[in-house]
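K.L.:
Once you've had a glance at the structure underneath, I'll fire off some questions.
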Amino acid sequence: MKTVLLEEMSWLQIKNAMENGFKTVIIGAGSIEQHGPHLPEGTDSMMGYTFSELLAKELGNALVAPTIRPGLSEHHMAFPGSLTLRPSTFMAVMEDYVDCYIRHGFKTIIMLPTHGGNFAAVDEFVAAAQVKYPGTQIFSVMTSETMSRMTALSAKADSMPSNIAGAHAGGAETSTMLEFYPNLVDMSVAEEGFIGNFGDVRHIMLEEGMHAITKNGILGDARVATAEYGKAGAERMIKVMAEFVRERMV
């Protein structure tokens, strides 16, 4: 196949792929929100496509749905251009996506949220969907288990401190964008953002918004980013996700 992206395929190509064992669909859940002065607002959605496609190719029997966007980004709304859905709307979109793919005959649905603000809602949705569709495997690859695995691998391989890598638009995320979308990264305005312990201020972000802890919208330091770091991090992430999926496939 020339592509694993459903939106680039015809219905006949999709039908043929499914008949040849491609019964798994990966659904990215990204966002449209600020990512500092140096990254585009579609960063998380771009990563939804990128990581979903990489995972599909690693698994060898999966196709990729159009990434869901926007997501749940209320805490970014002080920055121009950011969009957010109501939680009920986001849940309804996920429900409609999954219902459509199950009606078409997909047997495994993999949710891949690439925006932290979506994680809890995706978990809630998956728990309900597993009950509603007992004949279908439905799970998220962004869980506390996979995050712990990735953190452990990164701790062994990384030379970038976690507070510099950051949780949003910092060294790590900027590196990933440099690897996959370098033409959309403006390193001339890359800056240091909040580099303290994010866990200590996360509640402030959720209650008051991201701007209450970082005026430029960055958690970490984007100036240290490199494409090489982004490539290595993506490879580790896909390895962990693929292992997680294979452990659950029946």
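The values are calculated or read from the model by the stated rules, or taken from the named source; none is laboratory data. Because the structure is a prediction, the values reported are computed rather than measured. Counting neighbours? That spans all protein chains shown, and the Cβs are built from the backbone with ideal geometry, glycine included.
K.L.:
Of 224, 122, 126, which residue is β-branched (Val, Ile, Thr) and in contact with a Pro (Cβ under 9 Å, 6 or more places away or on another chain)?
P.N.:
122
K.L.:
Could you give me the residue pairs with C-beta distances under 9 Å whose first residue belongs to segment 117-136 and is more than 23 Å from residue 75 (Cα to Cα), whose second residue is assigned to a helix (DSSP H, G or I) and of a type in the set (Val, Ile, Thr) wherever it lies, and which are 6+ apart or on separate chains?
P.N.:
That search, which allows pairs on different chains as well, returns 129/98; 132/98; 133/98; 133/102; 135/102; 136/98; 136/102.
K.L.:
Now, a different point. Which residue, of 51, 79, is in a helix (DSSP H, G or I) and either at pLDDT below 95 or touching a helix residue (DSSP H, G or I) at 6+ places or on another chain (Cβ under 8 Å) (or both)?
P.N.:
Answer to the check: 51.
K.L.:
Follow-up. Quick check on segment 7-46: of everything there that is crowded, with 24+ Cβ neighbours inside 10 Å and assigned to a helix (DSSP H, G or I), which residue is farthest from the chain's Cα centre (by Cα)?
P.N.:
It comes out as 43.
K.L.:
Considering (1) surrounded by fewer than 19 Cβ atoms within 10 Å (Cβ to Cβ); (2) part of a loop (DSSP other than H, G, I, E, B), say which one residue 70 fails and leave the rest.
P.N.:
It fails just one condition, (1).
K.L.:
Select from segment 134-156 the residues that are surrounded by fewer than 17 Cβ atoms within 10 Å (Cβ to Cβ) and of a type in the set (D, E, K, R) and list them in ascending order.
P.N.:
Residues satisfying the conditions are 145, 156.
K.L.:
Of everything in segment 1-35 that's in contact (Cβ under 8 Å) with a residue 60 or more places away in the chain and hydroxyl-bearing (Ser, Thr, Tyr), which residue is farthest from residue 89 (Cα to Cα)?
P.N.:
24
K.L.:
Here's a follow-up. Can you run down the residue pairs with Cβ atoms below 9 Å, 6 or more apart or on separate chains, where the first is in segment 93-109 and closer than 19 Å to residue 21 by Cα and the partner is hydroxyl-bearing (Ser, Thr, Tyr) and part of a helix (DSSP H, G or I)?
P.N.:
Close Cβ pairs (under 9 Å, with a partner that is hydroxyl-bearing (Ser, Thr, Tyr) and part of a helix (DSSP H, G or I)) amount to 109/97; 109/101.
K.L.:
Could you check residue 221 against (1) of a type outside the set (A, V, I, L, M); (2) farther than 19 Å from residue 78 by Cβ; (3) touching a Leu at 6+ places or on another chain (Cβ under 9 Å) and say which number it fails?
P.N.:
It is condition (3) that residue 221 fails.
K.L.:
Right, something else. Of everything in segment 194-233, what is part of a helix (DSSP H, G or I), among the aliphatic types (A, V, I, L, M) and within 15 Å of residue 167 (Cα to Cα)? Give them in sequence order.
P.N.:
201, 204, 205, 206, 210, 222, 224
K.L.:
Let me ask something additional. Condition first: out of contact with any Gly (no Cβ under 9 Å at 6 or more places or on another chain), touching a residue at least 12 places away in the same chain (Cβ under 8 Å) and crowded, with 18+ Cβ neighbours inside 10 Å. Can you find one or more residues in segment 157-166 that meet it?
P.N.:
There is no residue in segment 157-166 that is out of contact with any Gly (no Cβ under 9 Å at 6 or more places or on another chain), touching a residue at least 12 places away in the same chain (Cβ under 8 Å) and crowded, with 18+ Cβ neighbours inside 10 Å.
K.L.:
Output yes when any residue across segment 126-133 is at pLDDT 95 or above, of a type in the set (S, T, N, Q) and crowded, with 21+ Cβ neighbours inside 10 Å, and no when none is.
P.N.:
The answer is no, given that none of the residues of segment 126-133 is at pLDDT 95 or above, of a type in the set (S, T, N, Q) and crowded, with 21+ Cβ neighbours inside 10 Å.
K.L.:
Okay, moving on. Just one of the numbered conditions (1) at pLDDT below 95; (2) under 15 Å from residue 38 (Cβ atoms); (3) of a type in the set (Asp, Glu) is not true of residue 192; which one?
P.N.:
(1)
Okay, residues lined up against (1) without any contact (Cβ under 8 Å) to a residue 24 or more places away in the chain; (2) out of contact with any Asp or Glu (no Cβ under 8 Å at 6 or more places or on another chain):
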residue	(1), (2)
146	no, yes
178	no, yes
212	yes, yes
221	no, no
248	no, yes
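K.L.:
Within segment 129-152, can one find any residue that is in contact with a strand residue (DSSP E or B) (Cβ under 9 Å, 6 or more places away or on another chain) and within 18 Å of residue 214 (Cβ to Cβ)?
P.N.:
Checking segment 129-152: not a single residue is in contact with a strand residue (DSSP E or B) (Cβ under 9 Å, 6 or more places away or on another chain) and within 18 Å of residue 214 (Cβ to Cβ).
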